[in-house]
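Okay, so here's the structure we're looking at.
The values are calculated or read from the model by the stated rules, or taken from the named source; none is laboratory data. Fair warning: this is a prediction, and the values are worked out from it, not measured in the lab. With ideal geometry, Cβ positions are generated from the backbone for all residues, glycine too; neighbour counts draw on all protein chains shown. Just so you know, the surface numbers come from the protein's heavy atoms only, side chains and all, with ligands and any DNA or RNA stripped out. Shrake-Rupley method; radii C 1.70, N 1.55, O 1.52, S 1.80 Å.
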Amino acid sequence: MHIPNYQEARTRDKRDYQRMDFQLDQSLFNKYSGKKYFIKTYGCQMNEHDSEVISALLEKMGFERAKDYNHADLVLLNTCSIRENAHNKAFGMLGRLKHLRNEKKDLIIGLCGCMAQEASVVEEILRDYRFVNFVIGTHNIHDLPTVLDSAIQNKKQQIEVFSREGDLYEGLPVVRANSIKAYVNIIYGCDKFCTYCIVPYTRGRERSRKKEDILREVDELIQDGYQEITLLGQNVNAYGKDFYDDYNLANLLEDIAKKDVPRVRFMTSHPWDFTDSMLEVIAKYPNIMPSIHLPVQSGSNRVLRLMGRRYTKETYLELFHKMKDMIPGVAISTDIIVGFPGEEEEDFLETLDLVHECQFDNAFTFIFSAREGTPAAKLTDSVSLEEKEERLQRLNDVVNSYFLENNKKLEGTVVKVLVEGISDKKDMYYGYSETNKLINFESPRELKVGEIVEVEITSAKTWSLDGRSI
Ligand code: SAH
Ligand code: SF4
Ligand code: F3S
């Protein structure tokens, strides 16, 4: 049994790690043929992609995907710790699974993802959730087959969570959820330690994959017909810094853009490490999509300092306008937290002021959620939840109005859309534009999933646009 602890998870040193090749223990291959699995995924794209790897590991062991958790022999929750509601959802699901177990005595229940890295969660599972068969952490997904097998064979709860990142595994299998758009991890972990955020504790130190491994994965995806590749990391701008002297995100983006892939995206970028050479590369290559997620979190310098974000409102705006100038038609989206401890009305007004200036194309807005073990959780907070909710509402009204305003500007224009399918609700084709806007559209001819077509925009809504292909 290995139980995580924050003291260790916080440490950063130059300790060497190996880049290892994954091999499945041959005795586990197809051992569970005929059994069904279901994975419930919470949280970010990183977790979604981890679930794609976990699915592939389970399928190598013989498991088949079940259509819902009621039909599964194994249910795995891939959890997220970012805010309390993600936490609560996973525990609510565990409650439902407990009932299911009462009806199905052989049901295997597992938990992985970021919550598994929290000592308090593991303690709770040891104390109150004895029916959970196994827990593995974010650093040892490659151990899933052996941990699962021993939970089944030994009929004993297995907890295998490591506080520190271990070796970096290549060659893990993957079953992709989408046949035209693929995620590719380029960097794991985060060293930024924004004071509110739990990710540096649950995902460990920043570790870049080798460029050769990334480029090989991209080549394979292109061969398999993928049309869009999204490079993933908690902070992709830090790519290469831990490993190379002279190879960074700009170089990697350029090497990928030179390949025959129609669309390249990347996320997420911390404003702190955005360099001019990255902007030049994005501007130069038409297959790097003009869409950047640039979380600002707050428009108040006092709050940004308390958050440990390493930039000011002014330097953020400078970068924002440089992007707009250098990359024609770029769409910039953001994340904003309201109700950070000590945020006063005037700080909040600074955020609204920044939103009015930036007129973001999209924004994810959140109420601050105290995460145990992070510095911000210890700050005194005098603002009531009611007031925070009211601020969130005011903020949402403003950001939404700009989404609509930006979309309205597209009416009558022609945009390129990667066709993803036909939406059940609307009986229309749908897909995303280069600037990552959802487009529902009609077409005079039949279209194939994965085609890129030109669509004339006929009407704009807040979160989508309607059009007609030409
Ligand atoms: N690495 C990304 C963010 C990943 S988390 C970045 O730095 O940009 C996604 C978003 O969740 C963050 O941008 C932040 O807005 C929000 N978030 C993170 N921790 C939070 C917390 N404790 N309470 C509320 N929102 C939080
Ligand atoms: Fe969290 Fe900040 Fe790292 Fe983003 S950059 S994952 S917000 S610590
Ligand atoms: Fe959540 Fe972990 Fe992603 S905390 S947002 S699943 S990195």
Elements of type strands (runs of 3 or more DSSP E) contained in segment 428-470, each with 2 or more residues being among the aromatic types (Phe, Trp, Tyr): 428-433
Options Leu231, Leu253: the member that is touching a Leu at 6+ places or on another chain (Cβ under 9 Å) and within 16 Å of ligand 3 (Cβ to nearest atom): Leu231
Among residues of segment 263-312, those that are part of a loop (DSSP other than H, G, I, E, B) and among the small types (Gly, Ala, Ser), counted: 5
Cross-chain or 6+ apart pairs with Cβ under 9 Å, segment 46-60 first and of a type in the set (Lys, Arg), then assigned to a helix (DSSP H, G or I): Lys60/Leu28; Lys60/Pro145
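With the structure loaded, tell me whether Ile229 is without any contact (Cβ under 8 Å) to a residue 60 or more places away in the chain, within 16 Å of ligand 1 (Cβ to nearest atom) and among the hydrophobic types (A, V, I, L, M, F, W, C) or whether it fails that test.
Numbers: without any contact (Cβ under 8 Å) to a residue 60 or more places away in the chain: yes; within 16 Å of ligand 1 (Cβ to nearest atom): no; among the hydrophobic types (A, V, I, L, M, F, W, C): yes.
Answer is no for this residue.
For residues in segment 157-199 being among the aromatic types (Phe, Trp, Tyr) and within 16 Å of ligand 3 (Cβ to nearest atom), which is surrounded by the fewest Cβ atoms within 10 Å (Cβ to Cβ)?
Restricting to residues being among the aromatic types (Phe, Trp, Tyr) and within 16 Å of ligand 3 (Cβ to nearest atom), the top hit is Phe193.
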Residue within segment 235-244 that is basic (Lys, Arg) and surrounded by fewer than 20 Cβ atoms within 10 Å (Cβ to Cβ) present: yes
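Within the group His49, His142, His87, which residue is over 30 Å from Phe22 (Cα atoms) and not assigned by TED's automatic domain parsing to the domain that holds Asp335?
The unique qualifying residue is His87.
Here's the yes/no breakdown for (1) open to solvent by 20 Å² or more (accessible area, probe 1.4 Å); (2) under 20 Å from Met267 (Cβ atoms); (3) of a type in the set (Ser, Thr, Tyr):
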| site | (1), (2), (3) |
| --- | --- |
| Gly329 | yes, yes, no |
| His356 | yes, no, no |
| Asn362 | yes, yes, no |
| Thr374 | no, no, yes |
| Val383 | yes, no, no |
| Glu387 | yes, no, no |
| Asn396 | yes, no, no |
| Glu405 | yes, no, no |
Within segment 200-212, considering residues that are open to solvent by 20 Å² or more (accessible area, probe 1.4 Å) and in a helix (DSSP H, G or I), the one nearest to ligand 3 (Cβ to nearest atom): Arg203
Segment 16-39 - residue that is of a type in the set (D, E, K, R) and in contact with a Lys or Arg (Cβ under 9 Å, 6 or more places away or on another chain) and, of those, most open to solvent (accessible area, probe 1.4 Å): Lys36
Residue among Phe366, Phe348, Phe320 that is away from ligand 1 (no atom under 13 Å from the Cβ), within 20 Å of Gln234 (Cα to Cα) and either in contact with a strand residue (DSSP E or B) (Cβ under 9 Å, 6 or more places away or on another chain) or of a type outside the set (Val, Ile, Thr) (or both): Phe320
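Can you confirm whether segment 153-169 contains a residue that is in contact with a Cys (Cβ under 6 Å, 6 or more places away or on another chain) and at pLDDT 95 or above?
Checked segment 153-169: no residue is in contact with a Cys (Cβ under 6 Å, 6 or more places away or on another chain) and at pLDDT 95 or above.
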Residue within segment 422-432 that is touching a residue at least 12 places away in the same chain (Cβ under 8 Å), under 24 Å from Asp335 (Cβ atoms) and open to solvent by 30 Å² or more (accessible area, probe 1.4 Å) present: yes
Failed item in (1) modelled with pLDDT under 95; (2) touching a Lys or Arg at 6+ places or on another chain (Cβ under 6 Å), with Arg207 passing the rest: (2)
Those residues of segment 360-373 which are in contact with a Pro (Cβ under 9 Å, 6 or more places away or on another chain) and over 30 Å from Lys409 (Cβ atoms), in sequence order: Phe368, Ala370
